[in-house]
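Notes for the one structure printed next.
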Amino acid sequence: MSASSSLKRTAIGAVFAAAMLALCPSQAQQNTLKVVMHSDLKIVDPIWTTAYITRNHGYMIYDTLFAMDAKGDIKPQMVGKYGVSADNLTWTFTLRDGLMFHDDKPVTSEDVIASLKRWGAKDSLGQKLMSFVKEMKPADAKTFTISLNSPTGLMLQALGKPSSNVPFIMPKRIADTSPNEQIKEYVGSGPFVFKADEWKPGDKAVYVKFAKYRARSEPASGVAGGKLAKVERVEWRWIPDAQTAVNALVAGEIDMVEDPLNDLLPALKKNPSVKLFDGNPLGNQYTFRFNVLHKPFDNPKIRQALFYAFNQEDFLKAVHGEKEFYQVCKALFPCGTPLSSTRGMEDKYESNFKKARELLQEAGYDGTPVVLMHSTDLTVLTNLAPVAKSLMERAGFKVDMQSMDWQSLVARRSKKDPPGAGGWNAFLTSWVSADVLNPVGAGFLNASCDKAMFGWPCDEQMEKLRDTFARETDAGKQKAIAEQVQQRLIEYPTHIPLGQWKKPQVLRKNIDGNVVAPVTVFWNVTKK
């Protein structure tokens, strides 16, 4: 065949394909899932930040060695088989056959080790695991070993951690990036490919099905099992106004809204074209986070005052209104979970302003204003900072509440600068319950100074308790240690838990297969 005839046939084929697409727009629409997520995607490094929108992005394009199923059990994911030596000091892992990165290169042991090192330097649970690790080394292209200095029960729990920061596996050349710098390539081995050329912060992020992804044979369960991409394309469209997003959903322009306004839920329940989906039955926990590097929260007694000034009901009602969506819970670890306890919290959270003012006076509070960062564009957070400001001022604090969008807050909270020079004193956020179930997994309990999360608490006693918990395997003794951790939090507050909440997602009725998990994921989802 001549070159000219080949070109003619190619041109004719292109015209035919375009014509078919024009005749069958419904087919293209059926293969594209359009969703409004809880936040705009501006940061795309899931190790550099704990922001949940970035974590969700991570699950689209990366995979994990292990994963948590819907029952809370840790299951192999990228790992095909594994074992541990009789002395519990050497773990051996072998990857499944056929794992490929999006650049068509195979996933190797060296990629895994580099990824775990980067994650382990940043994540609180990862740091604790790495304190036990003597060496990680490849045995061959698919097999690697992790040798320990002493046994720990954290291995599978850490490698299967379901939420921020997740130990996602990246190519070695990318994973070798400092954990304190953001990556510049976005290549994973997960079920979707990130279309960086179509990414427009403030507008949309686009993912397409990775044809060479080899899913596990088990059904999808939690963030474990078979991750089958059943649509060709997923578009995250950013619509900051919640009412506009829901209007687009009802009109059929959008297929799903991850974070609808609570005020709109009663009407949406009655709408015949949409349905509600509770993807995270364990719910979430609000928290107030301190920066201990600067006045006034460098003084633990000043931080203690907020345990007395705050009450959870004011925060929860300001966001969720109806009690069906929230639960007052004075426990550090979520109510309804094994380590939950109210010991030491009985007199806290009562808006006892007299007691709060007494503590401020004893601590010598000099009126230094608290720079309180206020997120304005996430419906589940927007009303929290104004409530905190009001309660703090009634307790005698001076508060400088500074408003910004969530992604700006996420960038700013990593700064150690003084509050008057672009830094901060406090902000409010939320964790999925799966992130805060125990003293080691709960990131805000990490009190390892410069290695701790933003806020940088520094407390040797808290770290000793977390180490003790990491070594303990008896459930009863773990419970006792968790209560000691809670008592130490009261004495040396790293953060203040502010109750539990949950909210359903809203979907068009032609969307099916959504997975119940602590993370919003898009494998297994179909569009009829």
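In vacuo Debye scattering of the stretch 66-171, one point per C-alpha: log10 I(q)/I(0) at q = 0.14, 0.16, 0.21 Å⁻¹?
Normalising to I(0) and taking log10 leaves -0.52, -0.69, -1.23.
Mind listing the long-range amide H neighbours of Thr64? Cut-off is under 5 Å, sequence gap 5 or more, other chains count too, H placed in the peptide plane at 1.01 Å from N.
Met78
Once you order the gyration tensor axes a ≥ b ≥ c over the Cα atoms, which shape class does the stretch 410-496 get: rounded for a/c under 1.5, otherwise prolate or oblate by comparing a/b with b/c?
Prolate, since a/c reaches 1.5 and a/b exceeds b/c.
I'd like the Karplus ³J(HN,Hα) series for the stretch 422-439: coefficients 6.51, -1.76, 1.60, θ = phi - 60°, whole numbers in Hz, and an x wherever there's a Gly or Pro.
Once rounded to whole Hz, the list reads x, x, 6, 10, 6, 7, 10, 8, 9, 10, 5, 4, 4, 7, 10, 7, 8, x.
Report the rotationally averaged projected area of the chain based on its alpha-carbon convex hull, in square nanometres.
For the Cα atoms of the chain, the hull's average projected area reads 26.9 nm².
Read phi for every residue in the stretch 165-172 and hand back ³J(HN,Hα) as whole Hz from Karplus 6.51 cos²θ - 1.76 cosθ + 1.60, θ = phi - 60°, with x for Gly and Pro.
7, 8, x, 5, 9, 10, x, 4
Can you bin every Cα-Cα distance in the stretch 284-501 into 5 Å intervals starting at zero and give me the percent of pairs per bin, rounded to whole numbers?
Once binned at 5 Å, the Cα pair distances of the stretch 284-501 give 1, 7, 15, 20, 21, 18, 11, 5, 1, 0.
Expected output is a single nm value to one decimal: the length gained when fully extending between Ile490 and Lys105, i.e. 0.36 nm times separation in residues minus the C-alpha distance. What is it?
Extra length available between Ile490 and Lys105 comes to 133.6 nm.
Which angle from 0 to 90°, rounded to the nearest 10, does the C-alpha axis of helix 52-61 make with the longest principal axis of the chain?
In the chain, helix 52-61 runs at an angle near 30 degrees to the longest axis.
Under the rule of at least 5 residues apart or a separate chain, name every residue whose amide H is placed under 5 Å from the amide H of Leu41.
Here the answer is Gly202, since their amide H atoms fall under 5 Å of that of Leu41.
What residues have an amide H closer than 5 Å to that of Met170, excluding those fewer than 5 places away on the same chain, when H is modeled at 1.01 Å from N in the peptide plane?
Ser115
Roughly what percent of Cα-Cα pairs across the stretch 126-172 reach past 16 Å?
Result: 46 percent of Cα pairs exceed 16 Å.
Can you compute 3J(HN,Hα) from phi for each residue in the stretch 480-494, using the Karplus curve 6.51 cos²θ - 1.76 cosθ + 1.60 with θ = phi - 60°, rounded to whole Hz and x for Gly and Pro?
Each residue of the stretch 480-494 in turn: 5, 5, 4, 5, 5, 4, 5, 5, 5, 4, 5, 7, 10, x, 9 Hz.
Any chance you could give the angle, 0 to 90 degrees and rounded to 10, that helix 353-363 forms with the longest Cα principal axis of the chain?
Value to nearest ten degrees: 80.
Only the coordinates and a few stated rules stand behind these numbers; no lab work does. Predicted model only: the values in this text are computed from it and were never measured.
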